[in-house]
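This report concerns only the one structure given below.
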Amino acid sequence: MKEFTLIFRLNDIADFKPSPEQMQERMAWLAGIAAQHKLADKGNTLLPTPGSAKAVKAVNMVIDGPYTEVKEFIVGYVVVKAEDIDEAVAMAKENPIFKIGGSVEVREILKRD
C-alpha cells in the first residue's frame, strides 16, 4: 500500500473559520478513513499568517515567503494509505472542504528503499 498526502487549499483565508457543524463533518470524514485503517497521519492545520513563514534559498539566503503571488492558502493536510492514486483521489472527493470552495491536492509520498 502506498501513502498519499491530501493537501487542503482555500482561495480566501477568511473562509477558514469552520462552524462546529463543519468541524464535525470533517471529523466524520477522517473517522471514516481511520475506520478503514487507511489514515497514516492526521496531519495538522497550517495557519498561513503573514510573517510566519520563511524560504531558504541557495547560499543560505533567507527570505519572507513563500508567498510572492499567493492565490491559494494551504490550510491543512492528512496522509492516507491507498493502493493507488485513484483510490486516494476517491477519498479526497469526499472531503467537505468543497462545500466552502476549497480544493484538495493529492500527492504520492515517494519512499527511498
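Annotations
- Top-ranked residue of the range 80-106 - restricted to ones that are part of a strand (DSSP E or B) and surrounded by fewer than 17 Cβ atoms within 10 Å (Cβ to Cβ), ranked as farthest from the chain's Cα centre (by Cα): 103
- The residue that is modelled with the lowest pLDDT, among those in the range 1-36 that are of a type in the set (Phe, Trp, Tyr) and closer than 23 Å to residue 85 by Cβ, is 8.
- Residue match in the range 37-51 (condition: in contact with a helix residue (DSSP H, G or I) (Cβ under 6 Å, 6 or more places away or on another chain), at pLDDT 85 or above and not in a loop (DSSP other than H, G, I, E, B)): yes
The values are calculated or read from the model by the stated rules, or taken from the named source; none is laboratory data. Predicted, not measured: the structure shown is a model, and the values here were computed from it. As a convention, Cβ positions derive from the backbone with ideal geometry for all residues, glycine included, and neighbour counts pool all protein chains shown.
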